[in-house]
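The next block holds one structure in the form of structure tokens; read it before the comments.
What follows is calculated from the coordinates using simple rules that are stated; it is not laboratory data. Computed from a predicted structure; not experimentally measured. Don't worry about glycine lacking a Cβ; one is built from the backbone with ideal geometry, like all the others, and counts go over all protein chains shown.
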Amino acid sequence: MKKPTPARISQLIFLALFLVLFLMTEYRGSDRIVAAVNGFFRANPLTAVTTLLAAKGYVPLVLPGLLVLLFSLFLGRFFCGWLCPLGTVLDLVTGRIGKTVPPSWLTGRVKFWLLLPLLGAALFNLNIAGLFDPIAILLRGLTFCLHPLVGDTVRGGWRGLYGIMGEGRDLLAPGFRLVNDYLLPFREALYPLAFASLLLLVLVICLERFGERTWCRRLCPLGTLLGMAARFSPLVRTPDAPCSSCRRCAAACPSGFDRELMQKEECLACMACVATCPTGKVGFSFGLRSEEKPLMERRVLLGGLLSGFFLARLFRFRDPAARAHLLRPPGVRTEEEFLHRCVRCGECMKVCLRSALYPALAQAGVEGLYTPVLIPRLGYCEYNCTLCGQVCPTAAIPDLPPDLKKREVIGKAVFDKNHCLPYAKRVDCIVCEEHCPIPQKAIRSETVVMSGFRGEKLSVKAPYVVDELCNGCGICENVCPLEGKAGIEVFALRDRAPLPAALPGDTAVPGAEDPYR
Amino acid sequence: MHRRSFLKLAGLSSLFWSTMLRDLCAAQGPTVAVAEGTDHGRITRSAINALGGMKRFVKPGNTVVVKPNMGWDRTPELAANTSPLVVRTIVEECLQAGARKVKVFDRTCNDQRRCYQSSGIEAALKGMKNVEVKHLEEERYRNVALRGKALSEWELYGEALSADVFINVPVLKHHGLSKLTIGMKNIMGIMGGNRGSIHKQLAVALADVNAVFKTHLTVVDATRILTAHGPQGGDIRDVKVLNKVVASTDIVAADAIATTLFGLRPEEIAVTVEAHRRGLGEMRPDRIKVIRV
């Protein structure tokens, strides 16, 4: 067993932190989440840069990301070697993957062809960097696939145990509760794109076949961005080439060292070379050494940015019918602003109390891939809950106090009288009214006399929506007892002005008595 | 016995039942205790004591289910859920009577974690020994044959079915469809499946369930009531403080007396009427013995 390097220790600590924060990104009895996994995105320079480019203004939340970028100007790619949880995962599994020579397309300028279009697209208002962001890839793989899978398996086994042991299972309950409360997702939602999320993560891991940290060196847009900053870093390895007689450092270097000369933009600052050098000759020191060769050819720079322009402009097609059901999380006022900022990291979907948010597959067109969409039939927006805004790393979903969040309009509910029971079948129902959380009720009912299908007179409670009060939370559509399609549905709106503070119909008597006084 | 004599006996005894015995039985009538006071723990205790104390219902070693209404993500003062103090007092009484285990649960309408939290009930029972406040587990539902008028069978919660004593602790409040929700409606909290679908004949369906599933003791929380926008409420101006607790072994009678506290007549509540018609309990105030404490 080799003595672990400081970088490895730091990596493991941050990976553990990442996993702990991941598990903390869930409702645990408190209205506020103290710490969530969004910290990793706030400190993510790629998120910071693309968000600022797309939003065309300063977003205070991404300040830590800018600071990391600034530090990278001095310390090189320390983020990749010391912090990045995906990099740590790669380092942990790479020993088990056989190596072969990378194909030529991987060794060229392909990483710039990935990063530059993402930056270009952000400049032209389409922020899709999150799709290839390493931390987002890891988080989505966990959120949409692995965590629900674990939850489903463990809880399935627990249920199965009930079939065998019956109530005798209660003896084991304390142990299960511990696992259930702290390690499993509250409910194992099935997510669209679950497989795609896993596939991307697995692909990144499979790239290890072409050498250690192939993803980080040759593709990762975050790594490439940090590599560009690292070129200016005064922190350099000396000597800058391995000694011809030994080459142990070159073998130990996770980043290759295959070009016989230290590549500052690929050095992860992990200092594995320092630890392996038998003579103690290798060290890192601050000094000036200018990088002579150009970063990339001009055609790569221009071509990359130009493809970003095309990317931003050509994938905007949206199906209008799908758009009618494109419900965004509460507090999102305009689609454009939302897309400028959304990282597609999946945190809001992870934290959503009712598992109401799902990654968009086609609802929002190609440009909206993986952005969160509320699907009321699967889950509704809980009236008193503000968690999605709390964990959003870029405030694409604003963090609002409960009183304001309740007034934010997601959409408006509309009855479908061909399905809704009182209208279609002339029977009482009113489940939607019962569940409507607005104190003055956005769904109300009136008793009407209808003639039944045999001509008899029937007195039925007919529900209707009060538009001025409806915030589109979707609980009505969620609880509608009809199977499949609900008798009431929430439709998206362009104008999502919040409900007024003093709700119409709220006959507030001045000095109304508080019965508890 | 010969067929003829059996038929005679059967015929005569049914005649006897319908003419005399029924009135005789009914004349005894159920007892309902109504306790009033600002100390909600104390009045809960005195209402139960007026019926003979918790020892009458809970024997040492029993497993007891206390079923409050905590279906909504609302704080206690909004009167959408049963008062945590009332629930805690009942749980304490059960333990004192020698209960081996007291289980408290509800099938919530909003997110279960938030409901258990906001209702204040989880916090009120925290740290009590032999008390379980657990979320429902879907595998525990059992299909129960109801053979009712609306429902032939339905899934009911296993722990409620297997309990030695079932104590129903509803809150008295307004309801958009059934006018009021009290004891019999609170039994919906142990029903599985698509509960919303029974709303098309709510009264009949609830009577079906209550005819098969027996509540041993009903304690209605009327310490504060939701007078409008029920069952969820959310506006403090819809809340009225009554400072009362109603208790009875007869769920229909408890509902009926609670209804009068709300200012309505029992015959206005369809579930009560349906249940009374089926002989599940008494709803006529003049046939109910009310003890005021």
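Pull up all non-local amide H partners of A:Arg354: gap of 5 or more, or a different chain, and H-to-H distance under 5 Å with H placed in the peptide plane.
When sequence neighbours closer than 5 places are left aside, the close amide H contacts are A:Glu382.
Report the calculated FRET efficiency for A:Val93 and A:Glu446 (r = Cβ-Cβ distance, R0 = 60 Å), to the nearest 0.05. All intermediate terms of the calculation are to be shown ahead of the outcome.
Numbers: r = 64 Å, r/R0 = 1.06.
Rounded to the nearest 0.05, the efficiency is 0.40.
Once you place label points 7 Å from the Cα toward the Cβ at A:Leu458 and A:Glu337, how far apart are they in nm?
Reported label-point gap for A:Leu458 and A:Glu337 is 4.6 nm.
Skipping prolines and chain starts, which residues have an amide H placed within reach, meaning under 5 Å, of the one on A:Ile488, given they are 5 or more residues away or on another chain?
Here the answer is A:Asp416, since their amide H atoms fall under 5 Å of that of A:Ile488.
Calculate the spin-label point distance for A:Arg316 paired with A:Leu178, positioning each point 7 Å from the Cα along the beta-carbon direction, and give it in nanometres.
5.6
Which lysines, on any chain, are close to B:Lys173 with Cα under 18 Å apart, when same-chain ones fewer than 8 places away are left out?
Partners within reach: A:Lys441, B:Lys67, B:Lys185, B:Lys240, B:Lys244.
How much length, in nm to one decimal, is gained on full extension between A:Val202 and A:Ala251, taken as 0.36 nm per residue of separation minus their Cα-Cα distance?
Working: separation 49, 0.36 × 49 = 17.64 nm, distance 2.49 nm.
Answer, rounded to one decimal: 15.1 nm.
Across all directions of projection, what mean area in square nanometres is found for the Cα convex hull of the range A:235-287?
Values: hull surface 12.9 nm².
It is 3.2 nm².
With r defined as the distance between the Cβ atoms of A:Leu149 and A:Ala16 and R0 fixed at 30 Å, what FRET efficiency is calculated, to the nearest 0.05?
Numbers: r = 21 Å, r/R0 = 0.70.
With R0 = 30 Å, the Cβ-Cβ based efficiency is 0.90.
How large is ³J(HN,Hα), in whole Hz, for each residue of the range A:24-34 in order, when computed from phi with the Karplus curve 6.51 cos²θ - 1.76 cosθ + 1.60 and θ = phi - 60°, using x for Gly and Pro?
So the J values, rounded to whole Hz, are 7, 7, 7, 5, 10, x, 10, 5, 10, 9, 5.
Semi-axes of the range A:6-232's equivalent ellipsoid from the Cα gyration tensor, sqrt of 5 times each eigenvalue, largest first, rounded to whole Å?
Numbers: eigenvalues 252, 92, 55 Å².
Semi-axes from the Cα gyration tensor: 36, 21, 17 Å.
Between A:Thr100 and A:Asp467, what is the FRET efficiency for a Förster distance of 51 Å, r being their Cβ-Cβ separation, to the nearest 0.05? Could the numbers behind the result be given before it?
Working: r = 63 Å, r/R0 = 1.23.
Calculated transfer efficiency: 0.20.
Could you give log10 I(q)/I(0) at q = 0.05 Å⁻¹ for the protein assembly as shown, computed by the Debye formula over C-alpha point scatterers of equal weight, without solvent?
Computed log10 I(q)/I(0) values: -0.36.
Find the centroid of the Cα atoms in the range A:366-423 and in the range B:161-199, then give the distance between the two in whole Å.
Computed from Cα coordinates, the inter-centre distance equals 29 Å.
For the range A:219-295 and the range A:1-57, what is the separation of their C-alpha centers, rounded to whole Å?
Distance between centres, Cα-based: 26 Å.
Show that you can apply the helix-only estimate: for chain B, add -39,500 (n - 2.57) for every DSSP H stretch of four or more residues, divide by all residues, and state [θ] at 222 nm to the nearest 500. Could the numbers behind the result be given before it?
Values: 11 runs with 97 residues, N = 293.
One gets -9500 deg cm²/dmol as the mean residue ellipticity at 222 nm.
Could you put B:Ile121, B:Ile236 in order, starting from the residue whose Cβ has the fewest other Cβ atoms within 10 Å?
Details: B:Ile121 30, B:Ile236 17.
Neighbour counts put them in this order, fewest first: B:Ile236, B:Ile121.
Hey, what do the phi angles of the range A:368-382 turn into as Karplus ³J(HN,Hα) couplings, whole Hz, using 6.51/-1.76/1.60 and θ = phi - 60°, x for Gly and Pro?
Per-residue couplings from phi come out as x, 3, 6, 6, x, 10, 7, 10, x, 5, 9, x, 10, 7, 5 Hz.
Which translational diffusion coefficient, to the nearest whole µm²/s, is obtained for the range B:81-171 from the Stokes-Einstein equation, given a Kirkwood hydrodynamic radius over C-alpha pairs, 20 °C and 1.002 mPa s? Kindly include the intermediate steps, with their values, before the conclusion.
Details: Rh = 14.5 Å.
Using the Kirkwood radius from Cα pairs, D works out to 148 µm²/s.
Once Rh is set to the Kirkwood radius over Cα pairs, what Stokes-Einstein translational diffusion coefficient, in µm²/s, holds for the range A:412-491 at a temperature of 20 °C and a viscosity of 1.002 mPa s? Walk me through the numbers before you get to the answer.
Values: Rh = 12.7 Å.
After rounding, the answer is 169 µm²/s.
Find the relative contact order for chain B and round it to a whole percent, using C-alpha pairs within less than 8 Å whose residues are 6+ positions apart.
24
Taking only Cα atoms, what is the 0 to 90° angle, nearest 10, from helix A:194-206's long axis to the longest principal axis of chain A?
10
From the backbone phi of the range A:325-342, what are the Karplus-calculated ³J(HN,Hα) couplings (6.51 cos²θ - 1.76 cosθ + 1.60, θ = phi - 60°) in whole Hz, Gly and Pro given as x?
10, 7, 9, 9, x, x, x, 7, 8, 10, 4, 5, 4, 4, 5, 4, 10, 4
Using unit Cβ charges (K, R positive; D, E negative) and no other charged atoms, how large, in debye to the nearest 20, is the dipole of the range B:29-292 about its Cα centre? Intermediate results must be reported in sequence, preceding the final value.
Values: 38 positive and 28 negative charges, 85 e Å.
Rounded to the nearest 20 debye, it is 400 debye.
Let me check against my output: what whole-number percent is the relative contact order of the range A:320-405, with C-alpha pairs under 8 Å and at least 6 apart?
On the way: 144 pairs, mean separation 29.9, N = 86.
RCO, the range A:320-405: 35 percent.
Amide H neighbours of B:Leu217 under 5 Å, at least 5 residues apart or on other chains, H built in the peptide plane: list them.
Placed amide hydrogens put B:Phe166, B:Asn168 under 5 Å from B:Leu217.
Please report the spacing between the Cα centers of the range A:307-333 and the range A:135-184 in Å, no decimals.
Rounded to whole Å, the Cα centres lie 36 Å apart.
How do A:Tyr182, A:Tyr370 rank when sorted from fewest to most other Cβ atoms within 10 Å of their own Cβ?
On the way: A:Tyr182 11, A:Tyr370 26.
Going from sparsest to densest Cβ surroundings: A:Tyr182, A:Tyr370.
Under 13 Å from a label point 7 Å along Cα→Cβ of B:Asp39: give me every residue in the range B:209-246 with its amide N that close.
none
How many times 2.2 N^0.38 Å is the alpha carbon radius of gyration of the range A:298-448?
Values: Rg = 19.0 Å, N = 151, 2.2 N^0.38 = 14.8 Å.
In units of the 2.2 N^0.38 Å rule of thumb, it is 1.29.
Below 8 Å, C-alpha to C-alpha, sequence gap of six or more: please give me the relative contact order for chain A in percent.
Numbers: 939 pairs, mean separation 85.4, N = 517.
RCO, chain A: 17 percent.
Mind checking the angle between helix A:173-182 and chain A's longest principal axis? C-alpha axes, 0 to 90 degrees, to the nearest 10.
The answer is roughly 70 degrees.
Which value in deg cm²/dmol, rounded to the nearest 500, describes the helix-derived mean residue ellipticity at 222 nm for chain A, given -39,500 (n - 2.57) per DSSP H run of n ≥ 4 and division by the residue count? It would help to have the intermediate numbers written out before the result.
On the way: 24 runs with 205 residues, N = 517.
Rounded to the nearest 500, the figure is -11000 deg cm²/dmol.
How long is chain B along each principal axis, judged by its Cα atoms, biggest number first, in Å?
Cα spread of chain B along its principal axes, largest to smallest: 64, 42, 41 Å.
Over the C-alpha atoms of the range A:1-83, what are the Rg and the largest Cα-to-Cα span, Dmax, in Å?
15.3, 50
Over every pair of different alpha-carbon atoms in the range A:320-405, take the mean of 1/r and invert it; report that Kirkwood radius in Å. Don't jump to the answer; show the numbers that get you there.
Details: mean 1/r = 0.0786 Å⁻¹.
Kirkwood hydrodynamic radius for the range A:320-405: 12.7 Å.
Mind sorting B:Cys115, A:Cys473 by how few other Cβ atoms lie within 10 Å of their own Cβ, fewest first?
Values: B:Cys115 24, A:Cys473 31.
Lowest count first: B:Cys115, A:Cys473.
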